[in-house]
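What follows is a set of notes on a single structure, which appears directly below.
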Amino acid sequence: DIWAQDPPDWVREARSRPAVESGALWVRDILPESVVGEIGEQLEKARSRTNSIDSAREAIDRLSLPPKTPATSSRPGYNERERQELDRLIQNNQ
């Protein structure tokens, strides 16, 4: 079985799956044991490389995202005390 866990839905629900499985079992039975073992090793190496590529792609995606900006104050303008101080400053400078 090439799937480490349960196969994905598209494999599990494939109408051709029984034919592919029986063909794979037939090929496995006629090949010498050394070839079957070597193929299994190559599949494991390919799976490992695929996982490494997926991890690298996820890291690139995370690094490609713009940094989150800090939340800005929702305050639309000056508060009442600040307005009074500005008015006083303007009045004193006129």
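Bear in mind these aren't lab numbers, they're just calculated from the coordinates by the rules spelled out. All values derive from a computational prediction rather than experimental measurement. Cβ atoms come from the backbone with ideal geometry, glycine included; neighbour counts cover every protein chain shown.
Assorted remarks:
- Between E13 and D54, the contour length at 0.36 nm per residue exceeds the Cα-Cα span by 12.3 nm.
- The range 1-56: GluC sites (Glu not before Pro) falling in loop per DSSP and having at most 16 other Cβ within 10 Å: E13
- Cleavage-rule hits, chymotrypsin sites (Phe, Trp or Tyr not before Pro), the chain, DSSP coil, Cβ neighbours within 10 Å at most 10: W3
- Cα-based convex hull, the chain, per residue volume (Å³, whole number): 184
- FRET E, pair T69, D6, Förster distance 41 Å, beta-carbon r, rounded to 0.05: 0.50
- Note that the range 29-38 has calculated 3J(HN,Hα) couplings of 5, 8, 7, x, 4, 5, 5, 4, x, 5 Hz, one per residue in order, obtained from phi through the Karplus relation 6.51 cos²θ - 1.76 cosθ + 1.60 (θ = phi - 60°); glycine and proline are x.
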